[in-house]
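Report on the structure given below.
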Amino acid sequence: MKGKLTLDIEKGDNDNKPRASVSVTVDIDNGEGSHVAGSVPLTGKCSSYKLLESEILKTKEHLDTLLERAKQVYEAERGEEESLDITETMSAREIWDALSRTEDPEGLIAKFNSMTLEKRLEVADYVLANCNVFSGPASLFSIRYNSEEGLFE
């Protein structure tokens, strides 16, 4: 499957505002003679930037939720018993302490990125201001943290 995200813009007529939406172009060939191609909308048509931004953020949240579910499935499949008990009510220090105990860097990244943006920023501020960013998990964090997106990559 190949996919491409596209910003679709409808020009406004005399009194109408332009409208924009996001779609994904798909081209699926299952190898057994079946082929599907076309464009599928991911957002509704929006008459303002704020509305489009809201629609895109909702889509991103849905994708983050699906990614977290997939992670749980793969962890269960591998038989991993270790679970990071992290909640949004914990302090940034408590969250980082729990995250830094994991031995799997990809698990650490996935768990960090599954938190809300607000909590991720709070934890990032804590790590970058209070931890030794030259060794251990804090070093990995300082190298791979994307401050513009608030994500650990």
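The values are calculated or read from the model by the stated rules, or taken from the named source; none is laboratory data. This is a predicted model, so every value here is computed, not measured. Cβ sites come from the backbone with ideal geometry, for glycine too, and all protein chains shown count toward neighbours.
Spot the failing condition for TYR126; the list is (1) over 27 Å from THR43 (Cα atoms); (2) within 20 Å of the chain's Cα centre (by Cα), and only one is missed.
Condition not satisfied by TYR126: (2).
Go over the candidates GLU75, GLU118, GLU68 one by one and state the one that is under 30 Å from LEU7 (Cα atoms), among the charged types (D, E, K, R) and surrounded by 11 or more Cβ atoms within 10 Å (Cβ to Cβ). Steps first, answer last, please.
Details: GLU75 fails: under 30 Å from LEU7 (Cα atoms); GLU118 fails: surrounded by 11 or more Cβ atoms within 10 Å (Cβ to Cβ).
Criteria check complete, one pass: GLU68.
Counting only residues that are of a type in the set (Val, Ile, Thr) and over 15 Å from ASP97 (Cβ atoms), how many does segment 123-153 have?
Taking segment 123-153 as the starting set, the residues that turn out to be of a type in the set (Val, Ile, Thr) are 123, 127, 133, 143.
Within this subset, residues satisfying the condition of being over 15 Å from ASP97 (Cβ atoms) are 133, 143.
Number satisfying all stated conditions: 2.
Does segment 104-153 hold any residues that are among the hydroxyl-bearing types (Ser, Thr, Tyr) and not in a helix (DSSP H, G or I), and which are they?
The answer is SER114, THR116, SER135, TYR145, SER147.
Please list, ordered by first then second residue, the pairs with beta carbon atoms under 7 Å, 6 or more apart or interchain, first in segment 96-120 and modelled with pLDDT of 90 or more and among the aliphatic types (A, V, I, L, M), second surrounded by fewer than 19 Cβ atoms within 10 Å (Cβ to Cβ) and assigned to a helix (DSSP H, G or I).
none
Can you find even one residue in segment 69-88 that is in contact with a Leu (Cβ under 8 Å, 6 or more places away or on another chain) and at pLDDT below 85?
yes
Could you list, in sequence order, the residues of segment 19-46 that are surrounded by 12 or more Cβ atoms within 10 Å (Cβ to Cβ), of a type in the set (A, V, I, L, M) and under 14 Å from ASP8 (Cα atoms)?
Hits for segment 19-46 are ALA20, VAL22, VAL24, LEU42.
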